[in-house]
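Inspection log for the structure reproduced underneath, given as structure tokens.
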Amino acid sequence: TQVLAKSGPLAGKKLVISAGGTREPVDPVRYVGNRSSGKMGYALAEEAVRRGASVRLVSGVTDRPVSFGVDIKYTETALEMFAALREAVKGADALIMTAAVADYRPEKPAVDKIKKGAEGLDLHLVANPDILASLQGDFIKVGFAAESRDLMINAVKKMTDKNLDIIAANDISQPDSTFGSDTTRLTLFFKNGRVEELPLLKKQEAAARLLDEISGLL
Ligand code: CTP
Ligand code: CA
């Protein structure tokens, strides 16, 4: 519920942000997951609220505390995140997808806990839907890409394939841009061909820079 009238450069704007990683169940106690910390998405949500936006954060798994003023919906699997985002983007002005979505999930999670004893265990995975590519509408779309090589080629291809306005690419071969870090070095690629190389920044500062750019498109 909205109690206070909001002011600031993003007042009246509705931003949808995803953060954290997804967990794909193997059995009732185990999952396939990833190292996403959620820090970038939460930093964006907090900064957007500071600027007066109304923010819906669809959060995967993270250990971040709740952020004041952010409307958070928690999800676990990629399919749950997809369903939550499909609802959330209705009427949104922008979607910023920082979540680390599992590309694959176990085809059929075991109903009972898997017992040991066999020589080995094959886990068959099937592809998850591409959430960002699938969500289309009258809103600005911003994606993230973590690349270990060919940053520009890979990032620009993702921007085109997913029909994005901006992609924020992160070179994870650099020691200061590892998962869980409080800092990040982002290169922003824009649909019109512009490239903006940001210096090494605290995620809070990188969030502010990215929101400056998004504001310019709204
Ligand atoms: N993404 C998504 N749904 C997926 C996979 C990715 O919405 N099933 C989003 C991510 O949140 C991110 C962007 O797409 O904003 C790029 O994700 P990334 O994993 O870098 O790219 P992929 O398209 O999955 O390609 P690959 O992992 O093969 O590099
Ligand atoms: Ca991926």
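Derivation of every value follows stated rules applied to the coordinates shown; laboratory data play no part. None of these values were measured; they are calculated from a predicted model. Every residue, glycine as well, gets a Cβ built from its backbone with ideal geometry; the counts of neighbours run over all protein chains shown.
Summarising the amide proton neighbourhood of LYS73: residues at separation of 5 or more, or on other chains, whose placed amide H is nearer than 5 Å comprise LEU57, VAL58, SER59. Bridges between two residues of the chain, per DSSP, are antiparallel at a rate of about 40%. Over the C-alpha atoms of the stretch 109-218, the Rg to Rh ratio, Rh being the Kirkwood estimate, stands at 1.12. Of the cross-linked pairs LYS113/LYS162; LYS39/LYS90; LYS6/LYS191; LYS39/LYS108; LYS39/LYS113; LYS6/LYS158, those separated by over 27 Å at the C-alpha level are LYS113/LYS162; LYS6/LYS191; LYS39/LYS108; LYS39/LYS113; LYS6/LYS158. Over all Cα atoms in the chain, the spread is summed up by Rg and Dmax: 17.8, 62 Å. Fully extending the segment from GLU119 to GLU197, taken as 0.36 nm per residue of separation minus the present Cα-Cα distance, adds 23.1 nm.
Sequence-distant contacts, meaning Cα pairs under 8 Å at least 6 residues apart, place the relative contact order of the stretch 67-156 at 36 percent.
For the stretch 50-62, backbone phi angles converted through the Karplus equation (6.51, -1.76, 1.60; θ = phi - 60°) give residue-by-residue couplings of 4, 8, x, 6, 9, 10, 10, 9, 9, 9, x, 7, 7 Hz, Gly and Pro being listed as x. Annotation note: chymotrypsin sites (Phe, Trp or Tyr not before Pro) in the stretch 145-190 located in DSSP loop regions with a Cβ neighbour count of at most 15 within 10 Å are PHE179. When the chymotrypsin sites (Phe, Trp or Tyr not before Pro) in the stretch 1-93 are filtered for DSSP coil states and for at most 14 other beta-carbon atoms within 10 Å of their beta-carbon, the remaining sites are PHE68.
Summed over all non-identical Cα pairs, the Kirkwood treatment of the stretch 40-105 gives a radius of 12.4 Å.
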